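This report refers to the structure that appears directly beneath it.
The values are calculated or read from the model by the stated rules, or taken from the named source; none is laboratory data. Please read these numbers as outputs of a predicted model, since none were measured by experiment. Neighbour counts are summed over all protein chains in view; Cβ atoms, including those assigned to glycine, are modelled from backbone coordinates with ideal geometry.
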Amino acid sequence: MVSNKIAVVGAGVVGASIAFHLSTYGMNVTVFDKGSPGSGATGHSFAWLNAFGKLPRHYFDLNHRAMDLWTRFNETLGADVGLKWGGNVTYYSDEEKGRKLLEQCERLQTWGYPIRSITREELSQLEPNLNIGPFYAGIHTLTEGHVIPTKVAEACLAKVKNNGGEIYPDTLVKSIIENPREIILSTHKGEFKFDKVIIAAGVDSTGLATNLGIKLPQRVSPGVVTRTASLPPIMKTLSTIYLPPGPGDEGEIHIRQATDGSLMCGAGDQENENEDDSQEYADSLLTRAARYFPSLDGVKAQKVPVGLRPMPEDGLPVIGFSNNSNRIYITLMHSGVTLAPIVGSLGALEIATESSVDSLKPYRPTRFQ
Ligand SMILES: Cc1cc2nc3c(=O)[nH]c(=O)nc-3n(C[C@H](O)[C@H](O)[C@H](O)COP(=O)(O)OP(=O)(O)OC[C@H]3O[C@@H](n4cnc5c(N)ncnc54)[C@H](O)[C@@H]3O)c2cc1C
């Protein structure tokens, strides 16, 4: 018989999604978080829903499939989680970078990704407030979007509660002990016993897994995304935009405006590592952004502390049961916002039915043992 008393350690967007999906199978779910839902990487995320730079092919396919699931996930949650579609534009003034971008565009077209090259005039129509500057080549991905991931985590947990589950915020899981009859979670609020446990504790998952004899190597991947208070609509159509480096700049910047009007801005690509969470750095990002969107001139940047991406050593997600037990399930990944609906639904399917989903096979934690 499938056992059904299940704990999820970590209420980020991934842990919350898996808890929600498990609750739809009638599982008895309890969620623990040492802080509040979304207070880990989820609360620091740029939350761009995309499969754009994802390699190898199976990882691209997983992300692409996750993007398609987002609409249904959003409807099922029945809450405002700030989902906005509109696509992304990336463009370059530099000829070599522009050519590479167009090559990437052609490859993604053969993979069935809705993407096309875009002219300067078309970009100007999409974003009339954008001061485009020098333009060599650009691409438009049509089906990308973004969300407010903390709201997603909260909406999932509200559903878990509605389905009879329990949520323990501000509850640090100090240790997980597995014995033949049960799995014991030790917290400062006491001990809890379960049949199965999902470790979805982001960067802290490695420590919890190590104590169970499970290898879960991660590399440190800090990132900083600056925010603003709510602003009138600046971006008219696109959900995100990657802007080329200006004179003297180190690299590109990316911008999105959330449905609550707040703007987020980060530097480099999706995995750019940066620990500078000073006010000066936040201001400098907005100054760069204001060259492209002049109405940002004089807008105050909100300093956001550095966030740590959950980042398995080989860069690919970890999803699945640990090697020596079908009672400890691990989810650890970057791009967890994009992947939340698919990891939640397929992970819950595996846990609730004790089945093995083919498309998750490249991501098993056993690859590190
Ligand atoms: C700067 C930055 C930009 C990003 N941009 C994107 C993007 O554009 N698109 C995208 O898809 N992804 C992006 N990501 C990655 C994405 O945010 C993460 O992959 C995702 O949030 C991971 O969610 P999670 O639930 O696995 O982990 P987390 O959100 O880290 O949640 C883990 C939770 O576990 C809790 N916890 C830890 N230890 C314990 C314990 N012992 N007991 C109880 N609770 C515990 C923590 O409090 C935390 O709430 C970005 C991340 C960063 C940092």
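From the list Leu216, Leu263, Leu243, which one is more than 11 Å from the ligand (Cβ to nearest atom) and free of Cβ contacts under 8 Å to residues at least 40 places away in the same chain?
On the way: Leu216 fails: free of Cβ contacts under 8 Å to residues at least 40 places away in the same chain; Leu243 fails: free of Cβ contacts under 8 Å to residues at least 40 places away in the same chain.
None of the others qualify; the one that does is Leu263.
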remark   = Checked pairs for segment 331-357, first without any contact (Cβ under 8 Å) to a residue 40 or more places away in the chain and more than 11 Å from the ligand (Cβ to nearest atom), second of a type outside the set (Phe, Trp, Tyr) and not in a helix (DSSP H, G or I), C-beta under 6 Å and 6 or more apart or across chains, list as Leu346/Val357; Glu350/Val357
inquiry  = For segment 113-131, which positions are surrounded by 17 or more Cβ atoms within 10 Å (Cβ to Cβ) and in a loop (DSSP other than H, G, I, E, B)?
reply    = Tyr113, Glu127, Leu130
request  = List the number of the failed condition for Ser175; all other conditions in (1) within 10 Å of the ligand (Cβ to nearest atom); (2) within 23 Å of the chain's Cα centre (by Cα) hold.
outcome  = (2)
remark   = Filter segment 47-66 for residues that are within 10 Å of the ligand (Cβ to nearest atom) and in a helix (DSSP H, G or I); the one that is surrounded by the most Cβ atoms within 10 Å (Cβ to Cβ) is Ala66
ask   = Scanning for something more than 25 Å from Glu273 (Cα to Cα), assigned by TED's automatic domain parsing to the domain that holds Thr226 and out of contact with any Ser or Thr (no Cβ under 7 Å at 6 or more places or on another chain), does segment 62-70 turn up at least one residue?
value = no
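Can you name every residue in segment 169-187 that is in contact (Cβ under 8 Å) with a residue 60 or more places away in the chain and of a type in the set (Asp, Glu)?
Asp170, Glu178
Which one is surrounded by the fewest Cβ atoms within 10 Å (Cβ to Cβ), of the residues in segment 1-16 that are in a loop (DSSP other than H, G, I, E, B) and near the ligand (Cβ under 9 Å from one of its atoms)? Can you show your working first?
Initially, segment 1-16 is screened for residues in a loop (DSSP other than H, G, I, E, B), giving 1-4, 10-12.
From the residues that got through so far, the ones that are near the ligand (Cβ under 9 Å from one of its atoms) too are 10-12.
Working: Gly10: 31, Ala11: 32, Gly12: 29.
Among those that are in a loop (DSSP other than H, G, I, E, B) and near the ligand (Cβ under 9 Å from one of its atoms), it is Gly12.
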query = How many residues does segment 43-59 contain that are under 20 Å from Thr76 (Cα atoms) and in contact with a Pro (Cβ under 8 Å, 6 or more places away or on another chain)?
reply = 1
remark   = Going through segment 17-46 in order, the residues found to be closer than 12 Å to Gly165 by Cβ and either outside the structural domain of Asn163 (by TED's automatic domain parsing) or within 6 Å of the ligand (Cβ to nearest atom) (or both) are Phe32
request  = Kindly list, by first and then second residue, each pair from a residue in segment 91-105 that is farther than 11 Å from Ser117 by Cβ and touching a residue at least 12 places away in the same chain (Cβ under 8 Å) to a residue that is assigned to a helix (DSSP H, G or I) and of a type in the set (A, V, I, L, M, F, W, C), limited to pairs with Cβ atoms under 7 Å and residues at least 6 apart or on different chains.
outcome  = Tyr92/Leu101
inquiry  = Please go through segment 193-206 and give me each residue that is of a type outside the set (Asp, Glu) and within 20 Å of Pro37 (Cα to Cα), ordered by number.
reply    = Val197, Ile198, Ile199, Ala200, Ala201, Gly202, Val203, Ser205, Thr206
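Mind checking whether some residue in segment 136-150 is farther than 30 Å from His64 by Cα and part of a loop (DSSP other than H, G, I, E, B)? Walk me through it before giving the result.
Just the residues of segment 136-150 that are farther than 30 Å from His64 by Cα, to begin with: none.
No, segment 136-150 contains no residue that is farther than 30 Å from His64 by Cα and part of a loop (DSSP other than H, G, I, E, B).
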inquiry  = outside the structural domain of Thr240 (by TED's automatic domain parsing), within 16 Å of the chain's Cα centre (by Cα) and not in a helix (DSSP H, G or I): which single residue out of Leu316, Leu339 fits that description?
reply    = Leu316
